[in-house]
Structure formats: C-alpha cells, structure tokens
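The values are calculated or read from the model by the stated rules, or taken from the named source; none is laboratory data. The shown structure was predicted, so the numbers you read here are calculated from the model rather than taken from an experiment. Heads up, the Cβs are rebuilt from the backbone with ideal geometry, glycines too, and the neighbour counts pull from every protein chain shown. When the accessible area is computed, the model is the full protein with side chains, heavy atoms only, and any ligands, DNA or RNA have been set aside. Shrake-Rupley method; radii C 1.70, N 1.55, O 1.52, S 1.80 Å.
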Amino acid sequence: MAFVPMDDRDGWIWVDGDFVPWREAKTHVLTHALHYGSSVFEGERMYSGRIFKLTEHTERLHRSAQLLDFEIPFSVAEIDEACKATCERMGLEDCYVRPVAFRGPEQVSVSAFNTRTHVAIAVWDWPSYFDPETKAKGIRLEWSKWRRPDPETAPSAAKAAGLYMICTLSKMAAEKRGYADAMMLDWRGYVAEATGANVFFVQDGVIHTPPIDAILDGITRQTVIAMAQAKGIEVQVRYIRPEELSGFTECFLTGTAAEVTPVAEIGEYRFTPGALSLGLMEDYGRLVRGLR
C-alpha cells in the first residue's frame, strides 16, 4: 500500500463543532500544545458501524483533560455524537477514530490561562496494527531504555500526547532493530507496558498483569480482564519483576490498535502463543464485531 501523508487526504474532519475539508483542518505553528504538550487524545475503533466502548473512551478523554487542568467545551454526549457523525460523513463502517483536545495558539508561554481548548475528530481506514499472520505466531519485543514515569512527576493516568514522546522513541528504536515493539519498565523497575498497549502473562492457567499505578488503564485491558474472569480464568493484578518472565508460558498485549496480540519474545524471554491467549484473541474479535 502506497504511503499517503495524513495531511493530504480526501474527506472531512470535525473541528470545534463543524466539518472542515480534510486538507484545511490545520492549526497555527504557535499552538500551545505543539510547544508544551498540552493535548489529550483517544484511540477508538469502529467495527461494522459501531464504535466499541465509545462513551468510555470519551469519558476518559474528559478525565485526561481534567488531569492537564483544562476543560473540554463539549459534553461526553456531544463528542459521542460527533464521532458517529464523522464516521458517517466519511462513509466508513470499519475504521480508526481519533478525538483530540488541545490548547490553542492564543497564548504561547508555560502559563496557559488565555488559551482556548480546541477539539477535533478524524477517522480513517486502519488495518490490523500488527500483520495478522505474524500476530498469530506472536510478535517480538525488545526492552526499552525508557521507563514509565512516577505519577508524582507526570500525570501518568492521562492519555496525554506529551507522555508518548518516550513511546515514540522506544518503538522507533525497536523497529530499527527488527522488533515489532518495545516493553517498558516503570520507574521502580517493574514490568509496565508496551509503547501503546498493556501486557498480560500466563502461568499455569492464571493471568498476571501489572497494576494501573504506572500504566494507562486501557479500556481494552479492562474488557479483556472481564472476559477472562467471565470464563472462569483467574486474573492476578500485581507487580511483576522482569526476571519473573522466565516462568511465564504465554504473553499477550491489549489495546484499541493492538486488540489482543500474542507475544513470542521480550528481550531474552520466550513465549508460545497458546490456547488462553489465542482464545481471548478470538473472543475479543467476536465481541467487538457484535458476534457474541
């Protein structure tokens, strides 16, 4: 598939309550968010005409903005409807949905009292985050040199653009070396998450996953935990030391983009996609498509 720049496409983007032609949806180079990271966003997927967990995503968008001390000028219900309307305007029923809220160009300084909060929603076709054939076999990850921040040093519970700088650095470094992604530790040295997905491990039929004090509490993560528990699978939310990975037999990632993706390798540790992770991958696919 030929590469098409994101700013040179046909279609429409919802901006501050109105639809704007795709190529005209621009903001000024002195936008506060560009200089100081004052932006929050969501990543959502529409399957067969339905955006999965739409309201939960929009509610988190509002919470993220509150953590960055700004208020989104549209209600949860208004943003929900705008997301649906944007998909309809674009004629898409299976797509990626990206709402973003950010401080504008009204003031460029560390202080931002005079800025206005802007909101935009764009949607586009986006196939599987990882190659489907590779995904079933399990993807390869390396260890990132960057660590997730202490929540006392950054608003780590927010899905904030600035917090993804180390994720970009980690993923690009991994891809340069032939890996699909990178696994990050938290500031204490415990296993945290991948650059854009949460992580789960399996040992003797029990799922283990890190607590949310150092990671984004992913909506897909919450969904998969509930799915596993509904099937009678025990889920332990606990701190995991890197050396414990030698005792786990399966590993998988979860996220809106990643969905449920088995992992075959994290650094020196190896895993084999098995019945539990592959079963949850299939179950999740059926759930988001309304087949169960």
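In loop segments of the stretch 196-288 as defined by DSSP, the trypsin sites (Lys or Arg not before Pro) with at most 13 further C-beta atoms inside 10 Å of their C-beta are LYS231, ARG238.
Scanning residues 5 or more positions from MET183 or on other chains, those with amide H under 5 Å from its amide H are GLU142, TRP143, SER144, with H placed 1.01 Å from N in the peptide plane.
Label-to-label distance for ASP7 and VAL29 is 1.0 nm, based on points extended 7 Å past Cα in the beta-carbon direction.
In this calculation the C-beta distance from ARG116 to ARG177 is compared with R0 = 35 Å, giving a FRET efficiency of 0.25.
Working note: Karplus 6.51/-1.76/1.60 with θ = phi - 60° gives the stretch 91-103 the couplings x, 10, 10, 9, 6, 9, 10, 10, x, 9, 10, 8, 6 Hz, where Gly and Pro are set to x.
Extension gain for LEU278 to SER246 (0.36 nm times residue separation, less C-alpha to C-alpha distance): 9.5 nm.
One decimal place: the segment ASP69-GLU268 gains 67.5 nm when fully extended, by the rule 0.36 nm per residue minus the C-alpha distance. Rounded to whole numbers, the Karplus 3J(HN,Hα) couplings from phi for the stretch 259-274 are 6, 10, 10, x, 10, 9, 7, 10, x, 7, 9, 10, 9, 10, x, x Hz, using 6.51 cos²θ - 1.76 cosθ + 1.60 with θ = phi - 60°, and x at Gly and Pro.
Label sites at ASP94 and VAL237, each approximated as a point 7 angstrom past Cα along Cα to Cβ, lie 3.3 nm apart.
How big is the charge dipole of the stretch 29-131 about its Cα centre, in debye rounded to the nearest 20, if each Lys and Arg gets +1 on its Cβ and each Asp and Glu gets -1 on its Cβ?
With only Lys, Arg, Asp and Glu charged at Cβ, the dipole is about 200 debye.
Distances between placed amide hydrogens fall under 5 Å for ILE240 paired with VAL191, all partners being 5 or more residues away or on another chain. Counting heavy atoms of the protein chains alone, LEU34 has an accessible area of about 120 Å² for a 1.4 Å probe. Per-residue 3J(HN,Hα) values for the stretch 33-44, derived from phi via the Karplus relation 6.51 cos²θ - 1.76 cosθ + 1.60 with θ = phi - 60°, read 4, 5, 8, 10, x, 7, 8, 10, 8, 9, x, 10 Hz in sequence order (x marks Gly and Pro). Computed in the context of the full set of protein chains, the accessible area of the stretch 238-292 at 1.4 Å probe radius has 51% of its extent on carbon or sulfur.
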